[in-house]
Each structure stands twice: as C-alpha cells, then as structure tokens.
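The values are calculated or read from the model by the stated rules, or taken from the named source; none is laboratory data. Please read these numbers as outputs of a predicted model, since none were measured by experiment. Note that each Cβ is placed from the backbone with ideal geometry, even for glycine, and that neighbours are counted across all protein chains shown.
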Amino acid sequence: MDVKQILNLVNKAVEEHKGMNYEILDVSDITIVADYFVLVSGRSKLHVEAIAKAILDEIKLSEITIKSKEGSAEGGWILIDLADIIIHIFSEEQRKYYGLDKLWQDAPRLFEEIKSEPDL
C-alpha cells in the first residue's frame with residue numbers, strides 16, 4: 001500500500017470520528033524524520049482516544065506496520081509512527097502548547113488533495 005492510500009485510510013478514520021483542525025503536512029523536503037505529519041485534535045480525552053483507536057483499527061485492518069505508538073489521551077497527545085507518516089492526535093490544549101503547526105508552517109498542506117481523492 002502506498003503512502004497516499006495510507007493517508008486516505010487515516011483521513012477516513014479522522015472524518016468518521018469528527019477530528020478537529022485536521023492537517024496533513026508534506027515534510028519530505030524539510031526533515032528526514034518522515035514524509036508526512038498528520039495533525040488532528042480532539043475535544044476531550046475520550047475524543048482523542050477514539051480518534052487514535054479508529055486510526056489504529058483502519059491501519060491494522062490493512063495490515064500496515066506500526067513502528068510505534070507513544071503517549072496517551074490522559075497526557076493529551078498520542079503519536080502513531082508509521083515510518084513515512086507520523087500521526088499526532090492532540091487535545092486542543094496540548095496542540096496549542098507544542099505548536100507543531102507553527103513549527104512546520106513552511107510545509108505544504110495536503111489535506112484538500114487527499115480529501116478529494118476517491119477511496120481506494
């Protein structure tokens with residue numbers, strides 16, 4: 001499965017669970033850590049956990065390797081590392097505090113591009 005197809009799976013899970021302030025950043029020309037960062041916020045600890053679980057369920061169903069999962073809804077930040085894609089699921093407070101949106105502000109946003117692609 002290619003990266004765009006994986007991003008489509010993530011997009012599906014985020015939309016179904018009404019993730020907020022959803023961004024897909026193309027960081028491939030800025031860092032060697034990953035090609036894409038996905039940023040999404042939840043309204044509460046339960047919402048953060050539900051979004052993360054939905055993403056993990058979609059990934060596992062497609063037999064995609066999860067490099068690691070870090071953090072917790074209690075801490076307000078869950079990170080899912082898929083190697084080329086790193087998914088950050090934040091509480092609204094933690095997202096503001098860490099400011100990844102500003103840190104990676106030069107990265108092109110791909111959300112509309114991915115959202116408009118048909119399901120694969």
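Numbers below:
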{"item": "Test: Asp106 is under 18 Å from Val10 (Cα atoms), in a loop (DSSP other than H, G, I, E, B), at pLDDT below 95 and not aliphatic (A, V, I, L, M)", "result": "no"}
{"item": "Hits in segment 31-58 (condition: surrounded by 14 or more Cβ atoms within 10 Å (Cβ to Cβ) and among the aliphatic types (A, V, I, L, M))", "result": "Ala34, Val38, Leu39, Val40, Val48, Ala50, Ile51, Ala52, Ala54, Ile55, Leu56"}
{"item": "Of the criteria (1) farther than 18 Å from Asp101 by Cβ; (2) hydrophobic (A, V, I, L, M, F, W, C); (3) buried (at least 19 other Cβ atoms within 10 Å of the Cβ), which one Ile24 fails", "result": "(1)"}
{"item": "Number of the exception - Met1 against (1) touching a residue at least 40 places away in the same chain (Cβ under 8 Å); (2) in a helix (DSSP H, G or I); (3) not hydroxyl-bearing (Ser, Thr, Tyr)", "result": "(2)"}
{"item": "Selected residue [under 19 Å from His47 (Cα atoms) and without any contact (Cβ under 8 Å) to a residue 24 or more places away in the chain] from Glu74, Glu93", "result": "Glu93"}
{"item": "Test: residue in segment 60-77 that is part of a helix (DSSP H, G or I) and either closer than 22 Å to Met1 by Cβ or in contact with a helix residue (DSSP H, G or I) (Cβ under 6 Å, 6 or more places away or on another chain) (or both)", "result": "yes"}
